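Please treat every number below as a calculation from the coordinates, not as lab data. All figures in this text were calculated on a predicted structure; none of them were measured in a lab. Cβ sites come from the backbone with ideal geometry, for glycine too, and all protein chains shown count toward neighbours.
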Amino acid sequence: MFDWFNQIGIGENIAKLRHETDFKQFLNNWIIYNSPAWIWTFSLTVLLGVIWNYKMNRESIIVLLIPLLLGVLSEISQKIGVINGTYDFVDMILYIIGGLSGIFLIKFLNYKHKIKLV
């Protein structure tokens with residue numbers, strides 16, 4: 001049933017996730033090591049959006065992209081050895097998700113804010 005996982009090269013990882021104790025360890029490690037990447041990027045993006053009073057224009061988008069860019073550039077810098085640290089592709093993906101989800105929340109709050117004013 002799971003032969004196709006082996007064919008694309010992720011069979012061992014899927015087998016580890018299927019065992020309950022390994023999944024619990026994976027989840028614990030994810031919460032400890034990876035979730036802060038999403039949390040700080042999302043939080044800083046939303047904070048900047050609040051400072052900009054939920055406005056969505058060219059200038060505010062540039063400012064709202066700063067946390068996302070900082071996170072991604074820090075991971076790329078770790079990958080090429082410019083700064084010390086351990087490169088993690090998952091962290092880079094979570095920086096992107098955190099920044100974009102923060103921007104989407106600001107856009108949603110901007111829409112709600114306009115409804116209340118009308």
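If Lys and Arg each add +1 and Asp and Glu each add -1, what is the summed charge of the other residues whose beta carbon sits under 13 Å from the beta carbon of ASN34?
Numbers: positive: none; negative: GLU75, ASP88, ASP91.
Net local charge, ASN34 excluded: -3.
Can you give me the orientation-averaged projected area of the convex hull built on the Cα atoms of the chain, in nm²? If you can, show how the numbers build up before the last one.
Details: hull surface 43.8 nm².
It is 11.0 nm².
If you place +1 on the Cβ of every Lys and Arg and -1 on the Cβ of every Asp and Glu, how big does the dipole about the Cα centre of the chain come out, in debye to the nearest 20?
Details: 10 positive and 8 negative charges, 158 e Å.
For this selection, approximately 760 debye.
Can you list which of the DSSP-assigned H helices in the chain have a Cα extent of 15 Å or more along the long axis and an average Kyte-Doolittle score of at least 0.0?
Both cut-offs are met by 35-51, 66-80, 89-117.
Using Cβ contacts closer than 10 Å as the measure, can you line up PHE108, PHE26 from fewest to most?
Values: PHE108 11, PHE26 14.
The order, fewest Cβ neighbours first, is PHE108, PHE26.
How much net charge surrounds GLY85 when only other residues with a Cβ under 14 Å from its Cβ are counted (Lys, Arg +1; Asp, Glu -1)?
Net charge in that neighbourhood comes out at -2.
Kindly count the pairs of lysines across the chain whose alpha carbons are less than 29 Å apart, treating pairs on different chains or eight or more residues apart as eligible. Before the final figure, lay out the partial values.
Values: LYS16/LYS24; LYS16/LYS79; LYS24/LYS79; LYS55/LYS107; LYS55/LYS112; LYS55/LYS114; LYS55/LYS116; LYS107/LYS116.
The result is 8.
How do GLU12, GLU75 rank when sorted from fewest to most other Cβ atoms within 10 Å of their own Cβ? Can you show the working numbers first?
Values: GLU12 10, GLU75 22.
In order of increasing Cβ crowding within 10 Å: GLU12, GLU75.
Below 8 Å, C-alpha to C-alpha, sequence gap of six or more: please give me the relative contact order for the chain in percent.
On the way: 101 pairs, mean separation 35.4, N = 118.
Dividing the mean separation by the residue count of the chain yields 30 percent.
Could you work out [θ]222 nm for the chain from helices alone, using -39500 (n - 2.57) per DSSP H run of at least four and dividing by all its residues? Round to the nearest 500 deg cm²/dmol. Working shown, then result.
Details: 7 runs with 91 residues, N = 118.
Calculated at 222 nm, the ellipticity per residue is -24500 deg cm²/dmol.
Mind sorting MET92, MET56 by how few other Cβ atoms lie within 10 Å of their own Cβ, fewest first? Write out the running numbers ahead of the final one.
On the way: MET92 19, MET56 15.
Ascending number of Cβ neighbours within 10 Å: MET56, MET92.
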